[in-house]
Amino acid sequence: MKDLTTLWKAVLDKLELIVSNVSFVMWFKPLKVVDFVDNKTLILAANTTSAKNQLSRNYFDKLSSAVTDIFGADLLIEILDPSEEIEYISLHGDKNSEKEVVVSKNPFNPKYTFDNFVVGDSNKFVYTACRAVAEHSGVKFNPLFIYGGSGLGKTHLLHAIGNYYKEYFPTLNVLYVTCEQFANDYIESLGSPAKNKAVLEFRTKYRNLDVLMVDDIQFISKKTSTQEEFFHTFNELYQNSKQIIITSDRPPKEIETLAERLRSRFTSGLIQDIQHPELETRIAILRKKCQIEKYSIDDDVIDYIAERVNSNVRELEGMLAKVHFLADLSSKPSATMEEAYEAFNGQLEEEKNEGIVADDIIDAVCKYFDITRQDIIGKKKSKEVVEPRMIAIYLINEILEIPLVSIGKIFGGRDHTTIMHSRDKISSELKTSHKMQSFVSEIKKMLSEK
Ligand code: ADP
Ligand code: MG
């Protein structure tokens with residue numbers, strides 16, 4: 001049982017990772033949970049009518065998939081505009097925060113199965129390894145370490161293994177956590193009033209597993225106590241021939257925060273990478289998705305999307321959903337090239353509207369911290385300018401996705417490794433520091449109000 005506020009916060013955290021910052025701040029962050037009816041329907045309120053429209057039109061798929069992931073079930077979602085919200089509350093009262101939610105027993109996303117995973121050259125080895133681990137449960141590849149860029153199917157594969165265990169080995173004690181959940185769980189036990197008991201419970205939970213899956217290990221913090229705990233958890237499970245599966249966006253040797261002894265543990269099993277899907281696989285993924293979601297979409301539209309979106313599968317799916325939505329709006333039985341053009345144009349528009357450039361970010365950071373442009377770009381090393389500089393670097397990289405080398409140029413010809421260090425430092429602080437979280441969200445807010 002979890003309360004609604006906690007679950008909703010987790011949904012937002014997830015969305016923040018997958019939509020652009022400006023969209024997140026403008027559309028998602030202001031959403032309020034109004035009610036949760038019969039464990040089935042989630043009622044949300046947008047802060048303006050246009051936010052409601054944007055969300056329903058362009059972001060519904062992302063919203064609903066994040067909700068499915070966190071709540072562990074396919075829910076109906078209703079978005080209200082402010083006047084509908086008032087009406088709703090006057091009819092039903094305002095009691096959302098008291099609600100407790102029964103989260104579905106199966107913690108794995110029912111859509112993330114092996115059957116729904118399209119295999120191609122880019123991912124066939126990793127697929128085979130996951131399959132082998134799922135079928136033999138235990139010692140074949142231990143640990144299995146999967147790495148690859150965002151949106152390439154790592155989480156999908158972990159859930160697929162989990163779903164497989166649930167179906168064929170239901171008695172196995174399987175746990176899926178993100179690296180962050182592991183850390184929070186541990187830190188929470190340390191901070192508990194009955195600390196010894198809480199730490200013992202934590203250890204009982206993690207060390208008696210048959211299978212431990214840790215997603216996104218690159219976020220492991222340098223904090224020695226958490227790494228230490230993870231190290232012992234790992235050893236205990238490993239020595240008892242329990243399966244460990246880990247994912248990361250990069251190979252172990254590139255995770256700077258990782259202690260050497262953990263790195264060498266990770267390297268002792270099978271390390272398998274997952275590549276960007278090639279065109280044929282992208283087409284197959286789109287077809288599969290149409291089949292799962294019951295979208296009717298013309299073949300030339302599928303080819304068109306597959307040719308244009310080659311970065312990651314999440315974006316591929318997003319574009320497909322958008323095209324489907326546009327066809328649905330005009331009640332067409334099937335999406336045609338007309339919707340495809342519109343969807344891609346719309347995206348260009350949206351990017352243009354955001355219209356933020358590196359200078360805007362630098363200005364906003366300077367204003368927020370009350371320092372000058374020369375300070376931030378220059379060589380000063382005092383704490384008052386170093387932290388804002390790193391934040392500006394982080395934001396430019398995150399919002400504009402400008403290559404590190406070019407960011408180095410903006411910042412007075414700094415080396416790209418310095419830029420990378422700044423970015424990673426802020427992104428790791430964001431995981432734990434409330435102060436940093438509020439700096440970044442305030443600055444983003446300033447940018448969105450620009
Ligand atoms: P990652 O964890 O690597 O960032 P995800 O596992 O969250 O990526 O995948 C992003 C989306 O793309 C998910 O909806 C997932 O189902 C889908 N996806 C990724 N790879 C494939 C694939 N090979 N076949 C089908 N769907 C895929
Ligand atoms: Mg993932």
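The values are calculated or read from the model by the stated rules, or taken from the named source; none is laboratory data. In this text the structure is predicted, and so the values were computed from the model without any measurement. Glycine gets a Cβ as well: all are built from the backbone with ideal geometry, and neighbour counts include every protein chain shown. Surface accessibility is based on the protein's heavy atoms, side chains included, excluding ligands, DNA and RNA. Shrake-Rupley method; radii C 1.70, N 1.55, O 1.52, S 1.80 Å.
Just checking, which of Ile220, Ile271 is within 16 Å of ligand 2 (Cβ to nearest atom) and crowded, with 16+ Cβ neighbours inside 10 Å?
Ile220
Restricting the search to segment 240-254, which residues are surrounded by fewer than 20 Cβ atoms within 10 Å (Cβ to Cβ) and in contact with a strand residue (DSSP E or B) (Cβ under 9 Å, 6 or more places away or on another chain)?
Those that are surrounded by fewer than 20 Cβ atoms within 10 Å (Cβ to Cβ) and in contact with a strand residue (DSSP E or B) (Cβ under 9 Å, 6 or more places away or on another chain): Asp249, Arg250, Pro251, Pro252, Glu254.
Mind checking which helices (runs of 4 or more DSSP H) fall wholly inside segment 326-439 and carry at least 1 residues that are closer than 30 Å to Leu316 by Cβ?
Of the helices (runs of 4 or more DSSP H) lying wholly inside segment 326-439, those with at least 1 residues that are closer than 30 Å to Leu316 by Cβ span 337-354, 358-369, 383-400, 404-410, 416-432.
Looking at Phe36, is it at pLDDT below 90, of a type in the set (Phe, Trp, Tyr) and not assigned by TED's automatic domain parsing to the domain that holds Ile244?
Criteria met by Phe36.
Counting only residues that are more than 9 Å from ligand 1 (Cβ to nearest atom) and polar (S, T, N, Q), how many does segment 139-155 have?
1
Return the residues of segment 156-183 that are under 17 Å from the mean Cα position of the chain (by Cα), open to solvent by 10 Å² or more (accessible area, probe 1.4 Å) and away from ligand 1 (no atom under 15 Å from the Cβ); say none if nothing qualifies.
Hit for segment 156-183 is Ala183, nothing else.
Identify all residues within segment 299-313 that are surrounded by fewer than 17 Cβ atoms within 10 Å (Cβ to Cβ) and in contact (Cβ under 8 Å) with a residue 12 or more places away in the chain; write none if there are none.
Scanning segment 299-313 gives Asp300, Asp303, Glu307, Arg308, Asn310, Ser311.
Can you confirm whether segment 142-155 contains a residue that is away from ligand 2 (no atom under 16 Å from the Cβ) and open to solvent by 40 Å² or more (accessible area, probe 1.4 Å)?
Checking segment 142-155: not a single residue is away from ligand 2 (no atom under 16 Å from the Cβ) and open to solvent by 40 Å² or more (accessible area, probe 1.4 Å).
Can you find a residue that is assigned to a loop (DSSP other than H, G, I, E, B), open to solvent by less than 40 Å² (accessible area, probe 1.4 Å) and touching a residue at least 24 places away in the same chain (Cβ under 8 Å) anywhere in segment 275-283?
yes
When you check Ala343 against the structure, is it within 30 Å of Tyr304 (Cβ to Cβ), of a type outside the set (Lys, Arg) and modelled with pLDDT of 90 or more, yes or no?
Spelling it out, it is not the case that Ala343 is within 30 Å of Tyr304 (Cβ to Cβ), of a type outside the set (Lys, Arg) and modelled with pLDDT of 90 or more.
Can you name every residue in segment 118-141 that is outside any helix (DSSP H, G or I) and open to solvent by 20 Å² or more (accessible area, probe 1.4 Å)?
Once the filter is applied, which keeps residues that are outside any helix (DSSP H, G or I) and open to solvent by 20 Å² or more (accessible area, probe 1.4 Å), segment 118-141 yields Val118, Val119, Asp121, Ser137, Val139, Lys140, Phe141.
I need a count of the residues in segment 223-239 that are within 17 Å of Tyr186 (Cα to Cα) and either open to solvent by 60 Å² or more (accessible area, probe 1.4 Å) or within 16 Å of ligand 2 (Cβ to nearest atom) (or both).
5
Please name all residue pairs, on different chains or six or more residues apart, with Cβ atoms under 6 Å, provided the first residue is in segment 141-154 and is modelled with pLDDT of 95 or more and the second residue is assigned to a strand (DSSP E or B) and of a type in the set (Gly, Ala, Ser).
Tyr147/Ser248
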